[in-house]
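Report on one structure; see the data block that follows.
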Amino acid sequence: MTIRTRVGQLISFFFRSLLWSINLMLALYTCLAYWLLYSLQIEHWSAGMVMISIPIVWGLNFVVTCLWLTTRPWRSWLSGLVILLGIFLFGARTFVWHSPTAPQSPGTPIKVFSYNVHQFNEFGVNDTPALNSNKVLPQRMLNYVIRFDAPIKCFQETFTQSNIPDYDLLSRFSQAGYAYNALLHPEEGHKANGDIGVAIFSRFPIVDSGREVFETHNGLVWANIKIGNDTIRIINVHLHSMGIRVGRVLRQNEMKGVQHETRGVLSALRMGFIDRNNEVRRVEEYVRASPYPVIVTGDHNDTPYSVVYERMRRVLPNSFEDAGRGFGFTYNRLPKFIRIDHQFHDPKLSVLNFETINYTTYSDHYPIVGTYLLK
């Protein structure tokens, strides 16, 4: 055996050992993330950081599995088992494939439409009554949400301009048959530049409603809606922003700028975890206090691998998991491959269909719509 061959073997052995060490640490980290999410024993913001990394570590485990299959196939079992365990525990909140179902018992199908409209993009850009030189996009967007066929519509980041008839949100919805509404900031509804925030519009009578402001744009609005002889409670939420601005990081030309933006993202994530964990407890209280079946919808700003999602899921089933299709990604900006808009429904309300309308690209979110059977 030549010296060159021996050196080559030593180098190969070193890198295989290094890869195996990395593999072991990756598997342990992944199992820690599973335990944190499955048990919710620790709800600290640092635990939240670990939980939301689950999709990333799945990808890393898959890469490691492929590397071992080409060199030492028997060592691929570790990451392979870790991936299978993750699919068993959290597969339903990641990818599902259900077909729309017809009602199996008498009842009234009800559609609940939810959309973060991002202030209709061009609304409120300036302090002047004019929107800007390009009025086509916001007008199309407003026409779309008004004409969409659903008797109950929930919006986040809602904006109105009451001095311009085409953009007078309350007036246009009223003319379209939505005679009832509940708003986070009702005092803004008739202003020239009204930042309403969270809103519910209904064709059915709203017999009672309430609201709670978390911060300027974020909060919840609930409405008890009478449909025939029955009543349901709709809770529309907009929780604290995730703070993920990947585009800003990628647009930096210098390392100093990248570091600055990255620190900003991490800081925003930390504060977001803390605030949303407090806010979701308030949502839970409104759910438990309701005398009627509840549907919670809106922009939760958290992925299915988070404390917020897991806490809500333990109170109410998730509509995407019960009747959705595909991955259901709802964010129309980088990093895109995340689902942060959700609907949760009372078990008394069967979910017939759930759709993420990912071909509607007016906003930085996609609309979601669930169809429920009110017996």
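The values are calculated or read from the model by the stated rules, or taken from the named source; none is laboratory data. Not measured: the values here are computed from a predicted model. Backbone-built Cβ (ideal geometry, glycine too); neighbour counts: all protein chains shown. SASA here: full protein model, heavy atoms, side chains in, ligands and nucleic acids out. Shrake-Rupley method; radii C 1.70, N 1.55, O 1.52, S 1.80 Å.
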Within segment 291-337, of all residues that are free of Cβ contacts under 8 Å to residues at least 60 places away in the same chain and aliphatic (A, V, I, L, M), the one nearest to Trp97 (Cα to Cα) is Leu316
Those residues of segment 175-200 that are assigned to a strand (DSSP E or B), touching a Leu at 6+ places or on another chain (Cβ under 9 Å) and at negative phi come to a total of 7
Counting only residues that are touching an Asp or Glu at 6+ places or on another chain (Cβ under 9 Å), modelled with pLDDT of 95 or more and outside any helix (DSSP H, G or I), segment 61-101 contains a total of 2
Being of a type in the set (Gly, Ala, Ser), open to solvent by 20 Å² or more (accessible area, probe 1.4 Å) and modelled with pLDDT of 90 or more narrows Ala289, Ala268 down to just Ala289
query = Has segment 57-80 got any residue that is open to solvent by 30 Å² or more (accessible area, probe 1.4 Å) and within 23 Å of Arg270 (Cα to Cα)?
reply = yes
By residue number, the members of segment 225-246 that are closer than 16 Å to Leu374 by Cβ and either modelled with pLDDT under 95 or not aliphatic (A, V, I, L, M) (or both) are Lys226, Gly228, Asn229, Asp230, Thr231, Arg233
Leu37 fails exactly one of (1) free of Cβ contacts under 8 Å to residues at least 24 places away in the same chain; (2) crowded, with 18+ Cβ neighbours inside 10 Å, namely (1)
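One residue is enough: does segment 45-60 have a residue meeting the conditions outside any helix (DSSP H, G or I), modelled with pLDDT of 95 or more and over 30 Å from Pro293 (Cβ atoms)?
yes
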Taking segment 273-285 and keeping only residues that are of a type outside the set (Val, Ile, Thr) and buried (at least 18 other Cβ atoms within 10 Å of the Cβ), one is left with Phe273, Asp275, Arg276, Asn277, Glu279
Flagged in segment 25-44 as in contact with a helix residue (DSSP H, G or I) (Cβ under 8 Å, 6 or more places away or on another chain), part of a helix (DSSP H, G or I) and within 21 Å of Val315 (Cα to Cα), in numbering order, are Tyr34, Leu36, Leu37, Tyr38
Checked against (1) touching a residue at least 24 places away in the same chain (Cβ under 8 Å); (2) open to solvent by 20 Å² or more (accessible area, probe 1.4 Å); (3) farther than 20 Å from Asn121 by Cα, Ile234 satisfies every condition except (2)
